[in-house]
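The values are calculated or read from the model by the stated rules, or taken from the named source; none is laboratory data. It should be emphasised that the depicted structure is a prediction, and the values quoted were computed from it without experimental measurement. No Cβ is skipped: glycine too gets one built from the backbone with ideal geometry, and neighbour counts run over all protein chains shown. Accessible surface is based on the protein model in full, side chains and every heavy atom, while ligands, DNA and RNA are left aside. Shrake-Rupley method; radii C 1.70, N 1.55, O 1.52, S 1.80 Å.
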Amino acid sequence: MQLTKKQRKALQFRGKLEKPAKEDRPEKPAKETPAAEPPAEKKPKFERRTNDAGSAIRFIAFVGNLPYKTTGDELRVFLKAANPTSVRLMTDKQTGNSRGFAFVEFASSADMRRALKFHHQQLGTKKINVELTAGGGGNSAKRKEKLDKRRV
């Protein structure tokens, strides 16, 4: 009976089968590489900006006071003019229901600024809040300083 690769590995792991010597192993055929073509220049999906530490700046907005029945797709359609790249709608872990807020990522700062104009617009039955994010909530001085720096 011929063993499959998975079965051989399982037996080797349990110590019931010895690993074959290198000479016994079949050689893999060399892969042929296609003729070298110059890579086409790709337009970056995101505007690349870096902060003082050298890491990329992500353009993320907080959207709060959402109706609980709002889905990520509905929010994406609502913010279509701002061209969101991703929507993370926060849900309750146990029930799966919306928690009433989301984080929306944009490709550029111009798109994010366009989204900030949706602040206090009506979505369903509620006026939503669209605000800059700066790593965590609250009203600490450090967070406010980050927000002021990002508003420039």
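Hey, among the residues in the range 122-141 that are more than 25 Å from the chain's Cα centre (by Cα) and modelled with pLDDT under 80, which one's surrounded by the most Cβ atoms within 10 Å (Cβ to Cβ)? Talk me through it step by step, then tell me what you get.
Taking the range 122-141 as the starting set, the residues that turn out to be more than 25 Å from the chain's Cα centre (by Cα) are 122, 124-127, 139-141.
Retained after the next criterion (residues that are modelled with pLDDT under 80): 139-140.
On the way: Asn139: 6, Ser140: 10.
Step by step, filter the range 122-141, then rank; the result is Ser140.
Taking only pairs six or more apart or across chains, which ones have beta-carbon atoms under 6 Å, a first residue in the range 99-116 that is touching a residue at least 40 places away in the same chain (Cβ under 8 Å), and a second residue that is aromatic (Phe, Trp, Tyr) and open to solvent by less than 10 Å² (accessible area, probe 1.4 Å)?
Close Cβ pairs (under 6 Å, with a partner that is aromatic (Phe, Trp, Tyr) and open to solvent by less than 10 Å² (accessible area, probe 1.4 Å)) amount to Phe106/Phe59; Ser109/Phe59; Met112/Phe59; Met112/Phe106.
Scan the range 65-114 residue by residue and report those that are at positive phi and open to solvent by 20 Å² or more (accessible area, probe 1.4 Å).
Listed by number, the residues that qualify are Asn65, Asn83, Gly96.
Would you point out which residue out of Phe13, Phe62, Phe46 is aromatic (Phe, Trp, Tyr), under 30 Å from Leu147 (Cα atoms) and either open to solvent by 70 Å² or more (accessible area, probe 1.4 Å) or at pLDDT 90 or above (or both)?
Phe62
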